[in-house]
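Below is one structure, written out as structure tokens, with a few remarks after it.
The values are calculated or read from the model by the stated rules, or taken from the named source; none is laboratory data. A quick note: this is a predicted structure, and the numbers were derived from the prediction, not measured. Quick reminder, even Gly has a Cβ in these numbers, built from the backbone with ideal geometry, and neighbours come from all protein chains shown. To get the accessible areas, we keep the full protein, side chains included, count just its heavy atoms, and leave off ligands, DNA and RNA. Shrake-Rupley method; radii C 1.70, N 1.55, O 1.52, S 1.80 Å.
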Amino acid sequence: MKDKKGFSYICFRVIRFLIWLFYPKITVEGQENLPEEACIVVGNHTKMNGPICGELYFPGKRKIWCAHQMMYIKEVPQYAFTDFWSEKPKWSHWFYKMLSYIIAPVSVCVFTNAKTIPVFRDNRLITTFKKTIGALEEGENVIIYPECYTPHNHIVHQFQDKFIDVAKLYYKRTGKAVCFVPMYVAPDLKKVYLGVPTRFNPEAPMEAERERIVNYLMDEVTAIAVSLPRHRVVPYPNIPKKDYPYNKEETVL
């Protein structure tokens, strides 16, 4: 249970307000694609842009999957350095290692008070699934950014697929087949785009259903991206901005 009255929550509200004040205002397109019932929204991570857009601008009630390491002060430094800055020039590693310790208390304050669900990758994974199912039962959409470091195409990196298993457990508990909604986050355009959902098929073999849904989501996110005006795509890996790919080649007249 998050403390809504303590000092940590007050600090979070201040940080959230400052981010809202200075972060570019985002418009969410395609809201008509959200089903009436709670769903799972799956998109490209775009570094911190995805989570920020989810927290500040996603419509309605929602929860966002968040790496649990960002919620535990002893685990933040190693995770933050590895995930955010390990690809920086080696001569600068000392600075980023120090920075990873400095941001640890801020990280814990933000991610334990925001609309988050901690994601565990060990035997505590069932906790993640239970909290996710609970959120869906409460009518909250659940936002997931499942990219990993394996390249897929110039728009997204490969989506991890174990999150699909939530749908099976949710169906067993409620008898409802949840929808997965593709989402493309485009910070360069100051917009988030929601695509046409696909519904979990409880009759299909689970391995086949994981593959189908993940491929559908990656394909739809890619299709949305390439349909838009030319812009820079914010990739999953932390690379220099000058190396960000474009969504499509420049048209030569």
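Here the condition is being assigned to a loop (DSSP other than H, G, I, E, B) and at pLDDT 95 or above; of G139, G134, G54, it holds for G139 alone.
Which fully enclosed helices (runs of 4 or more DSSP H) of the range 75-131 have 1 or more residues being in contact with a strand residue (DSSP E or B) (Cβ under 9 Å, 6 or more places away or on another chain) and of a type in the set (V, I, T)? So the answer is 104-113. In the set T198, T251, T222, only one residue is modelled with pLDDT under 95 and not small (G, A, S); that residue is T251. Taking each residue of the range 117-129 that is farther than 17 Å from V76 by Cβ and free of Cβ contacts under 8 Å to residues at least 40 places away in the same chain and looking for partners that are open to solvent by 50 Å² or more (accessible area, probe 1.4 Å) and of a type in the set (K, R) with beta-carbon atoms closer than 9 Å, six or more apart or interchain, yields L125/K162.
Among residues of the range 88-107 that are in contact (Cβ under 8 Å) with a residue 12 or more places away in the chain and within 25 Å of S8 (Cα to Cα), none has a beta-carbon under 7 Å from a residue that is surrounded by 14 or more Cβ atoms within 10 Å (Cβ to Cβ) and among the acidic types (D, E) at least six positions away or on a different chain.
Taking the range 1-14 only, how many residues are in contact with a helix residue (DSSP H, G or I) (Cβ under 6 Å, 6 or more places away or on another chain) and either surrounded by 13 or more Cβ atoms within 10 Å (Cβ to Cβ) or aliphatic (A, V, I, L, M) (or both)? Walk me through how you get there before you give the answer.
Initially, the range 1-14 is screened for residues in contact with a helix residue (DSSP H, G or I) (Cβ under 6 Å, 6 or more places away or on another chain), giving 2-3, 8-9, 11-12.
Still in the running and either surrounded by 13 or more Cβ atoms within 10 Å (Cβ to Cβ) or aliphatic (A, V, I, L, M) (or both): 8-9, 11-12.
Going through the range 1-14 one residue at a time, the tally reaches 4.
Every residue in the range 57-71 that is open to solvent by 20 Å² or more (accessible area, probe 1.4 Å) and assigned to a strand (DSSP E or B), please. Give the derivation first.
Kept after step one, since they are open to solvent by 20 Å² or more (accessible area, probe 1.4 Å), are these residues of the range 57-71: 57, 59-63, 65, 67, 69, 71.
The answer is R62, K63, W65, A67.
In the range 195-222, of all residues being aliphatic (A, V, I, L, M) and open to solvent by 10 Å² or more (accessible area, probe 1.4 Å), the one that is farthest from F163 (Cα to Cα) corresponds to V196.
For the range 207-247, residues that are part of a helix (DSSP H, G or I), touching a residue at least 40 places away in the same chain (Cβ under 8 Å) and farther than 15 Å from N153 by Cβ total 4. Scan the range 1-47 for residues that are under 29 Å from D161 (Cα atoms), assigned to a loop (DSSP other than H, G, I, E, B) and modelled with pLDDT of 95 or more and jot them down. Across the range 1-47, the qualifying residues are I26, G30, L34, P35, E36, E37, A38, C39, N44, H45, T46. All told, E250 meets the bar of being without any contact (Cβ under 8 Å) to a residue 24 or more places away in the chain and open to solvent by 30 Å² or more (accessible area, probe 1.4 Å). Within the range 118-132, restricting attention to residues that are open to solvent by less than 50 Å² (accessible area, probe 1.4 Å) and farther than 19 Å from V108 by Cβ, the residue that is farthest from the chain's Cα centre (by Cα) is F129.
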